[in-house]
1. Could you tally the net charge around residue 408, taking each other residue with its Cβ under 11 Å from the Cβ of residue 408, Lys/Arg +1 and Asp/Glu -1?
2. Students often forget the sequence filter, so: which lysines lie under 19 Å Cα-Cα from residue 297 once same-chain residues fewer than 8 apart are removed?
3. Taking Cβ-Cβ under 4.7 Å as the only way to count a partner, pick out the unpartnered cysteines of the chain.
4. Suppose every Lys and Arg Cβ carries +1 and every Asp and Glu Cβ carries -1, with no other charges. What dipole size does the stretch 133-180 come out with about its Cα centre, to the nearest 20 debye?
5. State, as an integer percentage, the relative contact order of the stretch 8-215 based on alpha-carbon contacts under 8 Å between residues 6 or more apart.
6. How far is helix 407-416 tilted off the main Cα axis of the chain, in degrees rounded to 10, range 0 to 90?
7. Return the whole-Å distance between the Cα centroid of the stretch 66-88 and the Cα centroid of the stretch 477-546.
8. Run the numbers on the chain and let me know its relative contact order in percent, using alpha-carbon pairs under 8 Å that are six or more apart.
Amino acid sequence: MGMNYIDAGMLKNAFLAGAKGLEANKEWINELNVFPVPDGDTGTNMTMTILSAAREVAAVENPTMEALARAISSGSLRGARGNSGVILSQLFRGFTKEIKTVDVITTSVLSDAFNRATETAYKAVMKPKEGTILTVAKGMADKAAELAPQTEDVLEFSEKVLEYGEYVLSQTPEMLPVLKEAGVVDSGGQGLIQVIKGCIEGLKGKVVDIDAAVTPSVSGNGAAKTATGAGSTQAADIRFGYCTEFIINAEKPADETTEQELKDYLSTIGDSLVVVADDDIVKIHVHTNDPGLAIQKALTYGSLSRIKIDNMREEHQEKLIKDSERLAAQQKAEEEAKEKKEEPRKKYGFIAVSVGEGLSEIFKGIGADYIIEGGQTMNPSTEDMLEAIEKVHAETVYILPNNKNIILAAEQAKSLSEDTKVYVVPSKTVPQGITALINFAPDLTAEENMEQMSEEMSHVKTAQITYAVRNTSIDGMEIAEGDIMGIGDSGMLSVGKNIEETAMESLRKMVDDESELVTIYYGEDVTEEDAEAFCEKARKEFISCEFECQNGGQPIYYYMISVE
């Protein structure tokens, strides 16, 4: 029997299943990143984006299309991280605009929603590139438009759209040479496919473990929010205090009779019971107030191994203490923010995304009001930036993303900011951000400063020295796992086996007759002595340039090198 429509309850389960489907495959998607750097994060960014929406969806107790549309759109927009996450949020935004006014979703509505999702996402990207998640989304939208008049069965329709989407994904290496050279499909497109796959599983009736799919978040009043409300349980409500687990190495084969005997006994002394017998092994899990009784009973069947006993009341008490401390800290921060909000707003404010104590101190020293910890290994969300804008408390705020994968999230925060004029300086690297901020001039207008900062940072060349996490080929260079890579603004600069030699080769590709200043920021895995030695060696080779050596403290990247 076919499925001719999707109601609100079905949509809720489908969306949560889609979130779970993406979350389960995030590490695999991370590995599809073209550059084999140890911070490949497409899967993580898309997962954190959809889970932000899933938290709000899970909290909708009596779902309607309008309520779900609002939860999906708002949650994903504010939780969006990285370019892939922002594009995913825009796909959701367009999709929900189409469904929010209907009672049930038919194939015709689905087709219109796919089309609107694609249009919205394309408009959000300044220069859309084919061979990406956008191409996969458009392919599915085109297929949906073709199929909608042919069938009313939403399952059949969805599976055929997914099948075509997988075909388009397989063709992305033919559209982007860099994908073909690296031997991968587009990671963002693969993420979108996993979402659709999960949604279809949800439509087929797959029950989603909401607690597993959705990480508890903290609401505005500091209370933990979960779909089940389990976080509010008090220690006194824990009837049986010890979580007891062990394995019985049975002296004779264990069968269904053995299972039932153990279940009958253990149910008299506890709950949350799991007894699984497999030939000569019996796995036991029980919550009880007397683990000794469970162990004594088990010993009558054989020897025990992997015994684990946890005091749940004690653990819960520790959790309550931590929650209280976190709540107190949050309340204090809210009070300080309220006091600051009552103060007159200053004219200009600056937000910089940074990672590493040294780099953060540099930004603070040249005028940054607020540092968002993030950068390469953990892209900040749109919500993170909105909170930063509010805390800076200025009439005009400049955001320095310092990473090309954060610019879209910053732009999204700009569009959502209601009472602050926000400028996103398109800095793609930390050195570019530092140069831009140094060149801010208080006597210029906000717009003139934006132009000047953007112009000055365009003269900065950047190299980032890190290691490869897998074998691949990029820009004609063969890269083996563990190799040291020099990555420039437009691609690979050098590949080698030695950090210093690779960094030096990268410098040779960057320095030209017009170069004047070279700044070397060394990371947490490089000693000051080694950094100074490398800097001195570079000074001797590039005698026409002035050199500065700074402790950046950044993880993953041995050196960030700036040439101006």
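Just so you know, all these numbers are worked out from the coordinates, no wet-lab data involved. Given the structure is predicted, the values throughout are model-derived calculations rather than measurements. Glycine also receives a Cβ, built like all others from the backbone with ideal geometry; neighbour counts cover every protein chain displayed.
1. Cβ neighbours under 11 Å give a net charge of +2.
2. Filter leaves 252, 263, 283, 308.
3. If one checks each Cβ against the other cysteines of the chain, 199, 243, 545 turn up with nothing under 4.7 Å.
4. Here the size comes out at about 340 debye.
5. Averaging sequence separation for qualifying contacts and normalising by length gives 30 percent for the stretch 8-215.
6. 80 degrees
7. 39 Å
8. Across the chain, relative contact order equals 12 percent.
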